[in-house]
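Undergrad: Attaching a single structure in structure tokens format; questions to follow.
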Amino acid sequence: MPPSSVFVPRRPLIVATGNPGKLQELRALLADLPFDLHGLGELGAVSPEETGASFLENALLKARHAAAAAGVAAIADDSGLEVDALGGAPGIFSARYAGAGADDAANNAKLLDALAGMCSEQRRARYRCALVFVFEPSDTAPLIAEGVWEGTIVDTPRGSGGFGYDPYFWLPDLGVTAAQLNLSDKNRLSHRGIAMRALRDQLVARERLARDAPTVRP
């Protein structure tokens, strides 16, 4: 039985992001499940302040905020880049590493400046993702999954795909950056792809359990 067969009918699902790259990735990753994905921006709602101390805390607060704004189930991720030589920075501040409102170019410029003169061994890094699915804002048993993608940081950007730090995130085993991968390969290998597959397995199991539960009659 294919996973999607336990999901009927199709349901709306809010993705708690205003990042079109993330929305595109999640749409591709969930393409075989009967959810109609919509970005938080389509509701005219703003993202909450990310006050959590970890990727997971931020993902939880974003998912609950989106579910409250839309009145339907929501999915949120918080992800970022951790560089060993920088003590795990930029970490949860990856999207605003160069300051509030910073764009990818500014964030990457600050990262390269911080790593100037360091050898490749010191440039070991990883993308980390925490992904959360809530059926409602007060969901007491949210589905949670995490993924990690190992790599290193190079000085010269390569590739035009992806977003964020992807042009500088080098994958030694493949000899390419994340930005040089096509979307299918990136979703298969990435931190978000790993987390999404783990979360989808949980979601399928939960839905199947609900479907097969015996009906209690008065």
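The values are calculated or read from the model by the stated rules, or taken from the named source; none is laboratory data. Here the structure is a predicted model, which means the values were calculated and not measured. When we count neighbours, we look across all protein chains shown, and the Cβ atoms used for this are built from the backbone with ideal geometry, even at glycine.
Undergrad: Can you find even one residue in segment 149-163 that is within 23 Å of Asn58 (Cα to Cα) and either out of contact with any Lys or Arg (no Cβ under 7 Å at 6 or more places or on another chain) or modelled with pLDDT under 95 (or both)?
TA: Within segment 149-163, one or more residues are within 23 Å of Asn58 (Cα to Cα) and either out of contact with any Lys or Arg (no Cβ under 7 Å at 6 or more places or on another chain) or modelled with pLDDT under 95 (or both).
Undergrad: Among (1) touching a Phe, Trp or Tyr at 6+ places or on another chain (Cβ under 8 Å); (2) surrounded by 16 or more Cβ atoms within 10 Å (Cβ to Cβ); (3) within 25 Å of Ala63 (Cβ to Cβ); (4) modelled with pLDDT of 95 or more, where does Ala125 come up short?
TA: Failing condition for Ala125: (3).
Undergrad: Please verify whether Leu111 is outside any loop (DSSP other than H, G, I, E, B) and closer than 29 Å to Asp36 by Cα, treating the condition exactly as stated.
TA: Considered against the rule, which asks whether it is outside any loop (DSSP other than H, G, I, E, B) and closer than 29 Å to Asp36 by Cα, Leu111 comes out as no.
Undergrad: When you scan segment 29-62, how many residues do you find that are in contact (Cβ under 8 Å) with a residue 24 or more places away in the chain, part of a loop (DSSP other than H, G, I, E, B) and acidic (Asp, Glu)?
TA: Counting residues in segment 29-62 that are in contact (Cβ under 8 Å) with a residue 24 or more places away in the chain, part of a loop (DSSP other than H, G, I, E, B) and acidic (Asp, Glu) gives 2.
Undergrad: For Ala106, state whether it is at pLDDT 95 or above and exposed (fewer than 15 other Cβ atoms within 10 Å of the Cβ).
TA: Against the criterion (at pLDDT 95 or above and exposed (fewer than 15 other Cβ atoms within 10 Å of the Cβ)), Ala106 qualifies.
Undergrad: In segment 48-74, which residues are among the aliphatic types (A, V, I, L, M) and closer than 23 Å to Ala100 by Cα?
TA: Result: Ala53, Leu56, Ala59, Leu60, Leu61, Ala63, Ala66.
Undergrad: Same structure again: Check segment 23-35 and report whether any residue there is at pLDDT 90 or above, among the basic types (Lys, Arg) and in contact with a strand residue (DSSP E or B) (Cβ under 8 Å, 6 or more places away or on another chain).
TA: No, the conditions are met nowhere in segment 23-35.
Undergrad: Collect the residues in segment 197-213 that are within 22 Å of Phe55 (Cα to Cα) and surrounded by fewer than 19 Cβ atoms within 10 Å (Cβ to Cβ), keeping them in residue-number order.
TA: The answer is Arg197, Ala198, Asp201, Gln202.
Undergrad: Ok, one more. Taking Ala85 and the conditions (1) in a helix (DSSP H, G or I); (2) surrounded by 20 or more Cβ atoms within 10 Å (Cβ to Cβ); (3) of a type outside the set (Phe, Trp, Tyr), which numbered condition does it fall short on, given that it satisfies the others?
TA: Tallying (1) in a helix (DSSP H, G or I); (2) surrounded by 20 or more Cβ atoms within 10 Å (Cβ to Cβ); (3) of a type outside the set (Phe, Trp, Tyr), Ala85 fails exactly one: (2).
Undergrad: Here's another thing I want to ask about it. Need the failing condition index for Asp139 against (1) within 19 Å of Phe55 (Cβ to Cβ); (2) in a helix (DSSP H, G or I); (3) touching a Lys or Arg at 6+ places or on another chain (Cβ under 9 Å), just the number.
TA: Status for Asp139: all satisfied but (2).
Undergrad: Please state which of the following conditions Tyr97 fails to meet, knowing it meets all the rest: (1) crowded, with 16+ Cβ neighbours inside 10 Å; (2) under 30 Å from Asp201 (Cβ atoms); (3) among the hydroxyl-bearing types (Ser, Thr, Tyr).
TA: The failed condition is (2).
Undergrad: Take the residues of segment 143-196 that are without any contact (Cβ under 8 Å) to a residue 40 or more places away in the chain and basic (Lys, Arg): which is surrounded by the most Cβ atoms within 10 Å (Cβ to Cβ)?
TA: Restricting to residues being without any contact (Cβ under 8 Å) to a residue 40 or more places away in the chain and basic (Lys, Arg), the top hit is Arg158.
Undergrad: Does Phe133 satisfy being closer than 20 Å to Pro48 by Cα and buried (at least 19 other Cβ atoms within 10 Å of the Cβ)?
TA: yes
Undergrad: Follow-up question, since we're still on this one. Do you know which residues across segment 4-28 are in contact (Cβ under 8 Å) with a residue 40 or more places away in the chain and of a type outside the set (A, V, I, L, M, F, W, C)? Break it down stepwise before answering.
TA: Filtering segment 4-28 for residues in contact (Cβ under 8 Å) with a residue 40 or more places away in the chain gives 6-7, 11-17, 19, 21-22, 24-26, 28.
Arg11, Pro12, Thr17, Asn19, Gly21, Lys22, Gln24, Glu25, listed by residue number.
Undergrad: Just to be sure, is Glu146 closer than 20 Å to Arg206 by Cα and of a type outside the set (Ser, Thr, Tyr)?
TA: Yes, satisfied.
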